[in-house]
Amino acid sequence: QLDNALNLTVASGDMPDMLYTQNKQTADKFGQQGALVNILDYLDEMPNLKNWMEQFPIDSQNAMSADGKMYIFPNNGIGETNRMNWMYRADIFEANGLTAPANWDELHAALKKLKEAYPDSFPMAWRQGLQYLRNFAPAFGTNSNDGTNDVYFDFDKKEWRYGPIEDNFKTMITYLNTFYKEGLIPPDFLTIDTKQWQDLMSTD
């Protein structure tokens with residue numbers, strides 16, 4: 001796993017000139033520990049970056065750490081090429097008289113029917129454990145980011161909120177707990193990696 005490889009690389013003291021981290025929190029952690037340099041100290045040597053930061057001040061500010069330094073290069077439009085959506089087997093749904101669910105109650109009903117039709121299968125699956133709660137949470141009117149940043153701004157209430165203590169968050173977890181107990185998701189859903197997920201998607 002990348003996180004383990006990064007930790008081992010940093011701990012070894014034998015580091016490359018540049019490292020890729022999957023998130024800003026990791027870069028900030030290593031930077032504040034002294035393993036990474038402050039990019040702002042080298043702006044005069046990077047005129048293109050300096051000009052870019054002037055053009056995109058908000059994105060540049062988002063890359064700043066709590067100590068006022070920058071340990072990760074800013075990015076504009078990250079994620080635009082990595083949109084996520086629901087996938088389902090239209091042929092299987094049609095064969096079982098199902099339509100695409102419009103809400104989580106309908107999803108639960110569809111999963112139960114598919115489990116009855118294919119008892120050895122797990123009709124719903126995703127990868128990387130709780131990371132994708134961030135994708136599920138908006139449907140419940142709350143927020144999650146795998147525990148790394150569960151604080152979010154509620155634009156309707158004009159206030160900062162913390163997802164895991166909200167009733168809506170509990171509702172989401174209750175659905176997933178039901179799916180787990182009823183065998184609608186794999187029992188090892190917390191540890192499924194990309195390869196295992198691809199196997200689930202491409203086999204019976």
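The values are calculated or read from the model by the stated rules, or taken from the named source; none is laboratory data. Predicted model only: the values in this text are computed from it and were never measured. Don't worry about glycine lacking a Cβ; one is built from the backbone with ideal geometry, like all the others, and counts go over all protein chains shown. Protein only, heavy atoms only, side chains kept; ligands, DNA and RNA dropped before computing areas. Shrake-Rupley method; radii C 1.70, N 1.55, O 1.52, S 1.80 Å.
So the values come out like this:
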| item | result |
| --- | --- |
| Cut-off 14 Å between beta-carbons: net charge of the residues surrounding Asn7, Lys and Arg +1, Asp and Glu -1 | -1 |
| Rounded to the nearest 20 debye, dipole of the stretch 51-200 from Cβ charges on Lys, Arg, Asp, Glu | 120 debye |
| Peptides 153-161, 120-128 ordered by average Cβ neighbours within 10 Å, highest first | 120-128, 153-161 |
| Selected from Val10, Thr174, Thr194, residue furthest toward positive end of dipole (the chain; charges at beta carbon) | Thr174 |
| Accessible-area composition of the chain, carbon plus sulfur, in percent [1.4 Å probe] | 51 percent |
| The chain: relative contact order as a whole-number percent, Cα under 8 Å and 6+ apart | 15 percent |
| With DNA, RNA and ligands ignored, accessible area of Leu190 (1.4 Å probe; Å², nearest 10) | 100 Å² |
| Mean residue ellipticity (222 nm) of the chain, computed from DSSP H runs ≥ 4 via -39,500 (n - 2.57), nearest 500 | -11500 deg cm²/dmol |
| Mean Kyte hydropathy of -1.0 or more with a Cα span along the axis of at least 18 Å, helices from DSSP in the chain | 104-117, 167-181 |
| Dipole axis of the stretch 1-91 (+1 Lys, Arg; -1 Asp, Glu on Cβ), positive-most option in Gly34, Ala66, Trp86 | Trp86 |
| Accessible-area ranking of Val37, Val10, largest first, probe 1.4 Å | Val37, Val10 |
| Å² per residue, accessible surface of the chain at 1.4 Å | 68 Å² |
| Length gained when the stretch Lys157-Thr203 is fully extended (0.36 nm per residue, less Cα-Cα span) | 12.1 nm |
